Amino acid sequence: MEKTKKKIPLPPEETDSEEWLVTYSDIMTLLMTFFVLLFSMSTIDPVKIEQFGEAMGKELGVKTSERTGRVSLAQIDRDVKEIVNEENLNEYVEVTHSYRGVTISIVADILFTRGSAELNPRVYSILNKFIPKIQNSIYQIAVEGHTDSDPIHSDKYPSNWELSAARASQVVNYYISQGIDPERFRAIGFAHTRPKKPNTSPENKSQNRRVEITFLAIS
């Protein structure tokens with residue numbers, strides 16, 4: 001009598017119900033590689049990074065401010081540019097962003113008379129426009145004075161170093177007088193060492209004479 005042959009059970013057929021995970025992981029790996037490559041090739045701009053994060057958050061239905069609980073540098077950049085446009089200040093004020101943060105650059109000729117560090121009272125209204133943004137943010141604020149290359153020799157300001165530092169300090173003192181915490185600020189004078197343009201014409205020199213207010217990404 002023949003023995004009944006036992007059937008060896010075959011392994012269950014693999015299903016492709018989870019094959020999408022392989023494709024998904026490949027895509028994530030490629031994206032990570034792409035952003036690491038960008039990171040290695042460029043200077044980090046925190047505003048651009050936040051703008052990217054906000055765009056991704058928008059796609060997911062989540063606002064960046066809701067995730068972080070603070071006003072982002074990207075939001076400050078947008079708001080300050082809107083203020084400058086609405087108040088028609090583009091001739092005197094420029095807003096830029098870089099790895100350092102968001103910078104408001106104000107032509108010094110409307111803030112001070114030549115060779116002086118006394119604030120012109122007419123510019124208080126311009127400086128006041130940015131007070132809410134400073135108060136509602138958590139960032140340290142750097143106020144930097146810049147001059148052109150023309151030397152100055154006076155009893156009060158022996159050189160452009162003293163003049164640029166005094167101008168930065170005057171802007172800081174004004175904001176402190178408006179109730180902003182003095183620990184938020186740092187005042188720096190760069191004299192003529194960081195020109196925006198070559199000091200080869202009166203127009204260029206006028207742009208180099210400036211005060212910059214920067215919301216610092218890194219304190």
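The values are calculated or read from the model by the stated rules, or taken from the named source; none is laboratory data. This structure is a prediction, so every number in the text was calculated from the model and none was measured. Using ideal geometry, Cβ is built from the backbone for each residue, glycine included, and neighbour counts are taken over all protein chains shown. The protein model used for the area step is the full one, side chains on, heavy atoms only, and it has no ligands, DNA or RNA in it. Shrake-Rupley method; radii C 1.70, N 1.55, O 1.52, S 1.80 Å.
About its Cα centre, how strong a charge dipole does the stretch 125-219 have in debye, to the nearest 20, once Lys and Arg get +1 and Asp and Glu get -1 at the Cβ? Please list the in-between numbers first.
Values: 12 positive and 9 negative charges, 55 e Å.
Around 260 debye, computed over the stretch 125-219.
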Solvent-accessible area of Lys81 with every protein chain in place, 1.4 Å probe, in Å² to the nearest 10 | 80 Å²
